[in-house]
Amino acid sequence: MSEQLGMLFLVLFVVAAGFCIYLSITSSRRVHAGITRWREEEKQTLEAQLRQVAYGEARVELERWRREQEQAIRLDAIQRSVAITKGKVTEHIVPYLPGFNIDPKDIRFLGTPIDLIAFSGLNASEEVEIVFIEVKTGQSSLTPRERAVKKAVEAKRVSWRVINPDLEVGRPLVRV
């Protein structure tokens, strides 16, 4: 009987040890899962706080930059506005400036895509020369549209058309 009792204690001991190991593993998994969950929550909280601090610092830095640069930006805008106004005024008065060799009466202002077109000799009943004129002030250069017009004139892609809207319906309005 003592052998059987010893065997029973051994079995009970093995079962109890297995149960303890099972509880230990289960507890360990629960603890590990809890720690992982806590770590993720802390990580998200810290990221949110860091993001908030970074946005705050960025706003402060932007405001500081704006205060420092506002005067320079305003001055640049004024200078650009003055340059544009000077250019617009110059476009209109250039035919009257000394050294301009076309009669101002022969000039027509277009504004865009070129500034002026001159019919040189038209008021003097001479042979007429048509001159396309672009006025530039300061450091300005030709725009792509102005260059396209210049190339068309230089390539002699210029034509004459008469338009009579009183023609019969269905017939072309433009006669070359």
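Counting each DSSP H run of 4 or more residues in the chain as -39500 (n - 2.57), what helix-only mean residue ellipticity at 222 nm follows after dividing by all residues, to the nearest 500 deg cm²/dmol?
Value at 222 nm, helices only: -22000 deg cm²/dmol.
Dividing the Cα radius of gyration by the Kirkwood radius, what Rg/Rh value follows for the range 127-166?
1.11
Under Stokes-Einstein, with the Kirkwood radius over Cα pairs standing in for Rh, what whole-number D in µm²/s applies to the range 100-175 at 37 °C and 0.692 mPa s?
Translational diffusion coefficient: 221 µm²/s.
Given a 10 angstrom Cα cut-off, can you work out which residue in Gly34, Gly87, Gly18 is the most mobile in a GNM of the chain?
Checking each option, the largest mean-square fluctuation is seen for Gly18.
Quote the Stokes-Einstein diffusion coefficient, in whole µm² s⁻¹, for the range 1-98, based on the Kirkwood radius over alpha carbon pairs, a temperature of 37 °C and a viscosity of 0.692 mPa s.
Estimated via Stokes-Einstein, D reaches 148 µm²/s.
For the chain, go through all pairs of different Cα atoms, get the mean of 1/r, take its inverse, and jot down that Kirkwood value in Å.
Its Kirkwood hydrodynamic radius stands at 26.5 Å.
Place a label point 7 angstrom from the Cα of Val82 along the Cα-to-Cβ direction, then list the residues of the range 122-148 whose backbone nitrogen is under 12 Å away.
none
Between His92 and Ile130, what FRET efficiency comes out of the Förster formula 1/(1 + (r/R0)^6) with R0 = 25 Å and r the beta carbon distance, rounded to 0.05?
0.80
May I ask for the angle, rounded to the nearest 10°, between helix 144-154 and the longest principal axis of the chain, with both axes built from Cα atoms and the value confined to 0 to 90°?
Approximately 40 degrees, to the nearest 10.
In degrees between 0 and 90, to the nearest 10, how far off the longest principal axis of the chain does helix 2-93 point, with axes built from Cα atoms?
For helix 2-93, the angle is close to 20 degrees.
Determine, for Trp65, Trp160, the number of other Cβ atoms within 10 Å of each Cβ, and report the residues in order from fewest to most.
Trp160, Trp65
Give me the Å³ per residue figure for the convex hull around the C-alpha atoms of the range 87-137.
Per residue, the Cα convex hull of the range 87-137 comes to 69 Å³.
Please state, to two decimals, what the Cα-based radius of gyration of the range 65-105 comes to when divided by 2.2 N^0.38 Å (N = residues).
My calculation over the Cα atoms of the range 65-105 gives 1.88.
No value in this document is a laboratory result; all are computed from the given coordinates. As the structure is a computational prediction, the values presented were derived from the model and not from experiment. Note that each Cβ is placed from the backbone with ideal geometry, even for glycine, and that neighbours are counted across all protein chains shown.
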